[in-house]
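A short write-up of the structure that comes next.
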Amino acid sequence: MRRIRSLLSVSPARRALALEALLALVKAWALVRFRPFKAYAGRLGQPLPGEKPDLPPADLSLLRDLRWAVGAVNKTVGGRFTCLMQAMAAKEILNRRGVSNALVLGARRGAPEELPAGDAMAAHAWLWAGERIILGGEGREGFIPVASYRSG
């Protein structure tokens, strides 16, 4: 309850962004949980090789606020949204605002004790906007980019 109160105590603009993030996260959750990847991959943007195409600069205050909103909503629900869901939600919000971005999917092999039971590989998603990784950057070490999707 305290987390919800803290979300309600922010400025009206941040509160609106948090609500937008919540709706985008729920949409991303439904896509990832109930649809095969190929069914929604086309919505992610233009597939490109490599990790990140050149992106024009983006408004740092928007990126900071968006990172906060997605993180705050995820924390409020107990961290239920995966890195892919968070990146997809933020990407949708940036797309609505006409901000160029690139979602990157990465993979790595790991020792069995480092991976979930029965898995031979791990996956991670991160989102670039401008010259910054706004979501997923802290967990991407060791992951090799497999696919990138650019919008804007």
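The values are calculated or read from the model by the stated rules, or taken from the named source; none is laboratory data. On a predicted model such as this, the values are computed, not experimentally measured, just so you know. Positions of Cβ are backbone-derived with ideal geometry, glycine not excepted, and every protein chain shown enters the neighbour counts.
Each row is one residue, and each column tells you yes or no for (1) at pLDDT 90 or above; (2) in contact with a Gly (Cβ under 8 Å, 6 or more places away or on another chain).
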{"site": "Glu92", "(1), (2)": "yes, no"}
{"site": "Glu113", "(1), (2)": "no, no"}
{"site": "His124", "(1), (2)": "yes, yes"}
{"site": "Ala129", "(1), (2)": "yes, no"}
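Can you name the condition, by its number, that Leu84 falls short on among (1) modelled with pLDDT of 95 or more; (2) closer than 22 Å to Ala13 by Cβ; (3) among the aliphatic types (A, V, I, L, M)?
Failing condition for Leu84: (2).
If you take the residues of the stretch 27-39 that are in contact with a helix residue (DSSP H, G or I) (Cβ under 8 Å, 6 or more places away or on another chain) and within 21 Å of Arg140 (Cα to Cα), which of them is surrounded by the most Cβ atoms within 10 Å (Cβ to Cβ)?
Step by step, filter the stretch 27-39, then rank; the result is Ala28.
Do we find a residue being at pLDDT below 95 and among the small types (Gly, Ala, Ser) anywhere in the stretch 46-59?
The answer is yes; a qualifying residue exists.
Counting residues that are aromatic (Phe, Trp, Tyr), which helices (runs of 4 or more DSSP H) fully inside the stretch 25-144 reach at least 1?
37-40, 60-76
What pairs come up if the first residue lies in the stretch 88-111 and is touching a residue at least 60 places away in the same chain (Cβ under 8 Å), the second is polar (S, T, N, Q) and in a strand (DSSP E or B), and their beta carbons are under 6 Å apart, counting only those six or more places apart or on different chains?
As it stands, the answer is Lys91/Asn101, since those pairs meet every condition given.
Out of all the residues in the stretch 40-65, which are closer than 26 Å to Leu17 by Cα, surrounded by fewer than 12 Cβ atoms within 10 Å (Cβ to Cβ) and in contact (Cβ under 8 Å) with a residue 24 or more places away in the chain?
Pro56, Pro57
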